[in-house]
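The values are calculated or read from the model by the stated rules, or taken from the named source; none is laboratory data. Predicted model, so just to flag it, every value in this text is computed and none were measured. Counting neighbours? That spans all protein chains shown, and the Cβs are built from the backbone with ideal geometry, glycine included. Heads up: the accessible areas ignore ligands, DNA and RNA and are worked out on the full protein's heavy atoms, side chains in. Shrake-Rupley method; radii C 1.70, N 1.55, O 1.52, S 1.80 Å.
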Amino acid sequence: MASPNDTRVFLIAGGGAAIVVAVALALWFGRGPAPTEAPPASKGGLTVDVAEAPALESTRELRCFVAGRFVGMATLTQCAERNGLATDALDVGIDETGALAAAPTASLAPPPTEPIEMVEAEPLPDLPPATDAGQPVAAPGETCLRHVGGDWRQVSGSMSLSACVQALYSGTCVRPGDALYGRWGNTTLRLVPGRVERSENNADFRTLVEQDRRCNLGPVN
């Protein structure tokens, strides 16, 4: 027959075991269902939902450029119509003022102003030889300039148009929305994706020569 002391020991032990079992069951059922996906941190970085990115509203007006000239504020659809293009054929980006702008595959910013002073001084030209009639012979070429770093730099004091275009842009390609500018005499030259353009008024550009995918230029007429 068990003594009272032994009975108390059994009761205490049984109560302790019941508490341990109750705590274990609470922890087990409190865990909830196991996650079906690994946490973002285990995937190696931050997960971003691109669906939350802001979209350009169709009614929002932005700076519109046509043939390199700023023509005012317009929506994407209106700017595309002015350029004679589909809306998705326009490049949208930030122009030199920091404002949102749209233009065809060319520079979003207007062409640089015509050169007044050059960083590198142009050498004095040699006097052309006189003809029998006493009239000077026309110079063989024009000054070729490159626009870089906000300044005009001289490539040659006398160069043909073809040689100037090759010197400026041979082997060079630009990304959509970018442009490289140059000058041949009084003509502004501009390299945009797929072609070199020219303008006699520094505003209205037309294609001068096409460029292939390897950045090679065709013959300049």
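Report yes if some residue within the range 166-181 is in contact (Cβ under 8 Å) with a residue 40 or more places away in the chain, crowded, with 16+ Cβ neighbours inside 10 Å, more than 20 Å from Asp95 (Cβ to Cβ) and under 24 Å from the mean Cα position of the chain (by Cα); otherwise report no.
yes
Filter the range 200-211 down to the residues that are assigned to a loop (DSSP other than H, G, I, E, B) and either within 19 Å of Ala163 (Cβ to Cβ) or open to solvent by 70 Å² or more (accessible area, probe 1.4 Å) (or both) and list them by number.
Glu200, Asn201, Asp204
As an exercise: evaluate Arg198 against (1) at pLDDT 85 or above; (2) farther than 30 Å from Gly72 by Cβ and give the number of the one condition it does not meet.
(2)
Return the total of residues in the range 182-199 being surrounded by 18 or more Cβ atoms within 10 Å (Cβ to Cβ) and closer than 17 Å to Arg153 by Cα.
Residues of the range 182-199 surrounded by 18 or more Cβ atoms within 10 Å (Cβ to Cβ): 182-184, 188-192, 195-199.
Cutting the leftovers down to closer than 17 Å to Arg153 by Cα gives us 182-184, 188-191.
Total meeting the criteria: 7.
One residue is enough: does the range 68-91 have a residue meeting the conditions modelled with pLDDT under 65, assigned to a loop (DSSP other than H, G, I, E, B) and more than 15 Å from Ala203 (Cα to Cα)?
No, the range 68-91 contains no residue that is modelled with pLDDT under 65, assigned to a loop (DSSP other than H, G, I, E, B) and more than 15 Å from Ala203 (Cα to Cα).
Go through the range 121-165 and give me each residue that's within 24 Å of Val192 (Cβ to Cβ), open to solvent by 60 Å² or more (accessible area, probe 1.4 Å) and either modelled with pLDDT of 95 or more or touching a strand residue (DSSP E or B) at 6+ places or on another chain (Cβ under 8 Å) (or both).
Listed by number, the residues that qualify are Glu142, Arg146, Arg153.
Test Ala51 against the stated conditions and say whether it is at pLDDT below 55 and either open to solvent by 100 Å² or more (accessible area, probe 1.4 Å) or hydrophobic (A, V, I, L, M, F, W, C) (or both).
yes
Looking only at the range 58-67, count every residue that is over 17 Å from Gly98 (Cα atoms) and of a type outside the set (A, V, I, L, M) and tell me the total.
Residues meeting the conditions: 2.
Looking at the range 66-78, I want the residues that are among the aromatic types (Phe, Trp, Tyr) and have a partner that is open to solvent by less than 70 Å² (accessible area, probe 1.4 Å) with Cβ atoms under 8 Å, at least 6 apart or on another chain. Which pairs are those?
Every condition considered, the pairs that remain are Phe70/Arg63; Phe70/Cys64; Phe70/Pro110.
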